[in-house]
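Okay, so here's the structure we're looking at.
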Amino acid sequence: MHTDLGSPVWWSQLRLQLPAPVQAARPYQGVIKQKNSSVLPYILTLDDGQEYGVVVKLVDLRANSYRDKQHRDRSTQSYKAESGFYTHFAHRMHDAKAKIPELLHEQWQPDDAGVTIVMEDLRNNISSQATTRLMHQALALDYPQAVLALTWLSKMHADCWGVSPSGVWPKGAYWTLEKRRSDLV
């Protein structure tokens, strides 16, 4: 899957709902790479001079070797459930004041060979100094920070209790025992 993320042309083809067209794009810190996917933070410079952070997830399901069709189907469904969450449930979190990244773009390749997901970077909402501090302290929460994190998680989940699942896993997530039983063998 080849994508020129540095090209304003690529960004314009996505038709993102931004305040102005993209003039330039540059990578930002914090790239996460796995065998079949990459999560790439980017800073977009808009024509009006504003900068806007996005996170791009590029998934190539052909890059993995799967044990069987069930394993591949579960991986595909996992990415569909992720984007389904942002499509069908994230707006509920915004209403509950639990900040969730906004899904800006999703595009599946033919035959579900892969997907490109572009999301808002939550670092747009806090200063870069605070972002740097949070990134360095993410694994060393003190008690008040842990309370804030758990409060956020409870707000995120509370607004979906009793709601029929649509576009997400009907029960649990990718890691439930009933979905991963073959991994125990």
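Given a 1.4 Å probe and every protein chain left where it sits, what share in percent of the accessible area of the stretch 1-89 is carbon and sulfur? C and S fraction of accessible area: 49 percent. For the set Glu51, Glu106, solvent exposure ranked by accessible area (probe 1.4 Å, protein chains only) runs largest to smallest as Glu51, Glu106. Using a probe of 1.4 Å, the accessible surface attributed to Asp111 totals some 150 Å² when neighbouring protein chains are kept in position. The 1.4 Å probe gives accessible areas that order Leu122, Leu46, largest first, as Leu122, Leu46. Residues Trp169, Trp152, Trp11, sorted by accessible area with the largest first, give Trp152, Trp169, Trp11 [1.4 Å probe; ligands and nucleic acids excluded]. The value given for the stretch 1-115 is a Kirkwood hydrodynamic radius of 15.7 Å, derived from the mean inverse Cα-Cα separation. Fully extending the segment from Trp152 to Arg92, taken as 0.36 nm per residue of separation minus the present Cα-Cα distance, adds 20.3 nm. Take the stretch 1-61 with all the other protein chains still there, run a 1.4 Å probe, and you get 56 Å² of accessible area per residue.
The values are calculated or read from the model by the stated rules, or taken from the named source; none is laboratory data. Fair warning: this is a prediction, and the values are worked out from it, not measured in the lab. Heads up: the accessible areas ignore ligands, DNA and RNA and are worked out on the full protein's heavy atoms, side chains in. Shrake-Rupley method; radii C 1.70, N 1.55, O 1.52, S 1.80 Å.
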